[in-house]
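Here is the structure we will look at.
The values are calculated or read from the model by the stated rules, or taken from the named source; none is laboratory data. For clarity, every value in this text was computed on a predicted model and none was experimentally measured. Every residue, glycine as well, gets a Cβ built from its backbone with ideal geometry; the counts of neighbours run over all protein chains shown. These accessible areas exclude ligands, DNA and RNA; they are computed on the full protein's heavy atoms, side chains included. Shrake-Rupley method; radii C 1.70, N 1.55, O 1.52, S 1.80 Å.
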Protein chains: 2
Amino acid sequence: MSTYNPTADLEIAHAMADAARSACLPHFRTGPAVENKLSGGFDPVTVADRASEQAMRAVLAERAPADGILGEEFGETAGGNGRRWVLDPIDGTRAFIAGLPSWTMLIALEYRARPVIGLIDQPHIGERFIGWPGGAEYRRGGQARALKTRPTRRLGDAIMSSTDAFLFEAAVEAEAFERVRRSVRLCRFGFDAYAYAMLAAGGVDLVIESGLQIYDVQAFIPVVEGAGGVVTNWSGGDASEGGQVVAAATPELLDEALRLLAPAAL
Amino acid sequence: MSTYNPTADLEIAHAMADAARSACLPHFRTGPAVENKLSGGFDPVTVADRASEQAMRAVLAERAPADGILGEEFGETAGGNGRRWVLDPIDGTRAFIAGLPSWTMLIALEYRARPVIGLIDQPHIGERFIGWPGGAEYRRGGQARALKTRPTRRLGDAIMSSTDAFLFEAAVEAEAFERVRRSVRLCRFGFDAYAYAMLAAGGVDLVIESGLQIYDVQAFIPVVEGAGGVVTNWSGGDASEGGQVVAAATPELLDEALRLLAPAAL
């Protein structure tokens, strides 16, 4: 394939997620051995991360062997047709290790340098969120329904989420985040990419994070946008490479958040 | 009943949780109206909190009408037999409102001023954690297994959790919490009582919180203790009335945490 075909590509994404679920779920809450990928910090990886990415790659080897792949655990596999799958086999490995059901598997199809399909899957709960240009859908136990962000336009009415209040290493970033946090109705922590899924589902209105990698962000962009939301970096520009990210239920809410975040934009 | 009968009382607790699940789950992710219980702050309550507690109370009215009840939403109903059910119909109402599956329903039976049965239920995921003197159990989808804390004894090996880094209003409390956070292997936020369930399940090793109410704590004490863990206040004393709470997988780990928390004990 050297084009992008929404129906066929969504099917491939679902097949990858089904395979990855089966591969990683048996390791959840079994106390898997944890390796540290960083010498000067803590970036955990488990057998489940690797099994999940291998399962996704096996589906691609069979159904789309000419496509490129970028995966968190096994790196880049060059393609040559303008298509690249960007994979985070377990987003929220810390939550996975702790037995908390807030980790997800992330799958994105990038076509001509833009994520066009995004899939967020939580295997333990059995939930899947998938987005494409013009739509987004929630699936659980054979049921499906459209995803739609809420019409929230003001920070004072907004429910906000972020993975960790300690995510913001630079003081200027932490201060900008804190300005927004003090302006919103309520803020919840701890959900990694699942928070973006809840934004698409109309529960959360605003997610603000920093230091994200390309494989952290590519999957949730089509889900949030397909549900009617918006995603940018802290300057209001393209966020599809990661870094400082803000996702909002409406363009008006995004503007209010950007006003407080822009001074800390990198 | 004027005594405590583990088998019969566990059955009552399960019946209460089953009824409360059915009552509150239809309101999850439907954008229920949120009322604020506080004039000088934000303490949200929804129709789901009330429906859940009413369902629990209806079971008690039929099966244990002489027992006392203390519920977060409908207050105290006097008993006279030394038995009191302590109920938090939705712990984590903020998470509930945001669509995040980290809220739980909490049920405890207090007998002679000690919680003897505790039940933590997450209806959306379909998980239940229940504890009693000498045991604790996990149930999901007709399967059951015993709960057991991990043997973690050192802060440097510990996985810690807490609902919110902004829970600690007083500077001295925040500093004590921060001392522990910097000593552990990793820390995750956002899970309210679910974090204590994960401690019992062997995922998390340490939970530290403050400002808890009696109905926040009574249910998780038997679950954590039944699984082999320990729960005290920040001075190492009884935590069953709430306030500053620390729960640990082992007594040795508790001691290490208390050394850092004690200067901030109220």
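The residues in the range A:173-195 that are in a loop (DSSP other than H, G, I, E, B) and within 11 Å of chain B (Cβ to nearest Cβ) can be counted, and the count is 6. In summary, residue B:171 fulfils each of the numbered conditions (1) modelled with pLDDT of 95 or more; (2) not assigned by TED's automatic domain parsing to the domain that holds residue B:53 with the single exception of condition (1). Summed over the range A:71-89, residues that are in contact with a Ser or Thr (Cβ under 6 Å, 6 or more places away or on another chain) and at pLDDT 95 or above total 1.
Which pairs turn up if I take residues in the range B:205-217 that are under 21 Å from residue B:187 (Cα atoms) and among the polar types (S, T, N, Q) and look for partners that are open to solvent by less than 10 Å² (accessible area, probe 1.4 Å) and not in a strand (DSSP E or B) with beta carbon separation below 9 Å, at least 6 apart in sequence or on another chain? Partner pairs satisfying both residue conditions: B:210/B:177; B:210/B:234; B:210/B:264.
Counting only strands (runs of 3 or more DSSP E) that sit completely within the range A:1-78, those holding 3 or more residues that are within 14 Å of another protein chain (Cβ to nearest Cβ) and open to solvent by 20 Å² or more (accessible area, probe 1.4 Å) correspond to A:34-36. When the range A:190-222 is filtered for residues that are buried (at least 24 other Cβ atoms within 10 Å of the Cβ), hydrophobic (A, V, I, L, M, F, W, C) and within 19 Å of residue A:244 (Cβ to Cβ), the ones remaining, listed by number, are A:191, A:193, A:195, A:199, A:204, A:206, A:207, A:208, A:217, A:219, A:220, A:221. Taken over the range B:237-266, residues that are among the β-branched types (Val, Ile, Thr) and under 23 Å from residue B:146 (Cα atoms) amount to 2. Taken over the range A:80-109, residues that are among the polar types (S, T, N, Q) and in a strand (DSSP E or B) amount to 1. I'd like to know if the range A:85-102 contains one or more residues that are more than 14 Å from chain B (Cβ to nearest Cβ), over 16 Å from the mean Cα position of the chain (by Cα), over 20 Å from residue A:163 (Cβ atoms) and not acidic (Asp, Glu). There is no residue in the range A:85-102 that is more than 14 Å from chain B (Cβ to nearest Cβ), over 16 Å from the mean Cα position of the chain (by Cα), over 20 Å from residue A:163 (Cβ atoms) and not acidic (Asp, Glu).
So which residues in the range A:81-111 are among the basic types (Lys, Arg) and in contact (Cβ under 8 Å) with a residue 60 or more places away in the chain, if there are any at all? Can you show your working first?
To start, the set of residues in the range A:81-111 that are among the basic types (Lys, Arg) comprises A:83-84, A:94.
Scanning the range A:81-111 gives a single hit, A:83.
Yes/no per residue for (1) farther than 28 Å from residue A:43 by Cβ; (2) more than 10 Å from chain B (Cβ to nearest Cβ); (3) modelled with pLDDT under 95; (4) in a helix (DSSP H, G or I):
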| position | (1), (2), (3), (4) |
| --- | --- |
| A:128 | no, yes, no, no |
| A:131 | no, yes, no, no |
| A:138 | yes, no, no, no |
| A:153 | yes, yes, no, no |
| A:164 | no, no, yes, no |
| A:197 | no, no, no, yes |
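Here residue B:184 meets the list (1) surrounded by fewer than 23 Cβ atoms within 10 Å (Cβ to Cβ); (2) within 20 Å of residue A:194 (Cα to Cα) almost entirely, failing just condition (2).
So, residue B:202, is that one outside the structural domain of residue B:124 (by TED's automatic domain parsing), small (Gly, Ala, Ser) and out of contact with any helix residue (DSSP H, G or I) (no Cβ under 9 Å at 6 or more places or on another chain) or not?
Working: outside the structural domain of residue B:124 (by TED's automatic domain parsing): yes; small (Gly, Ala, Ser): yes; out of contact with any helix residue (DSSP H, G or I) (no Cβ under 9 Å at 6 or more places or on another chain): yes.
Yes, satisfied.
Pairing residues of the range A:113-124 that are under 16 Å from residue A:69 (Cβ atoms) with residues that are part of a strand (DSSP E or B), at Cβ distances under 6 Å and at least 6 apart in sequence or on separate chains, gives A:115/A:108; A:116/A:109; A:117/A:109; A:117/A:132; A:118/A:108; A:118/A:131; A:119/A:107; A:119/A:130. Only a single item in (1) part of a loop (DSSP other than H, G, I, E, B); (2) farther than 16 Å from residue A:148 by Cβ; (3) open to solvent by 20 Å² or more (accessible area, probe 1.4 Å) is not met by residue A:234, and it is number (3). Here residue A:118 does not fit the description of being among the small types (Gly, Ala, Ser), within 14 Å of chain B (Cβ to nearest Cβ) and either within 30 Å of residue A:259 (Cβ to Cβ) or loosely packed, with under 15 Cβ neighbours inside 10 Å (or both). Among the conditions (1) out of contact with any Phe, Trp or Tyr (no Cβ under 8 Å at 6 or more places or on another chain); (2) assigned to a strand (DSSP E or B), the only one that residue B:118 does not satisfy is (1). What do you reckon, is residue B:181 over 30 Å from residue B:110 (Cα atoms), without any contact (Cβ under 8 Å) to a residue 60 or more places away in the chain and in contact with a Gly (Cβ under 7 Å, 6 or more places away or on another chain)? No, not satisfied.
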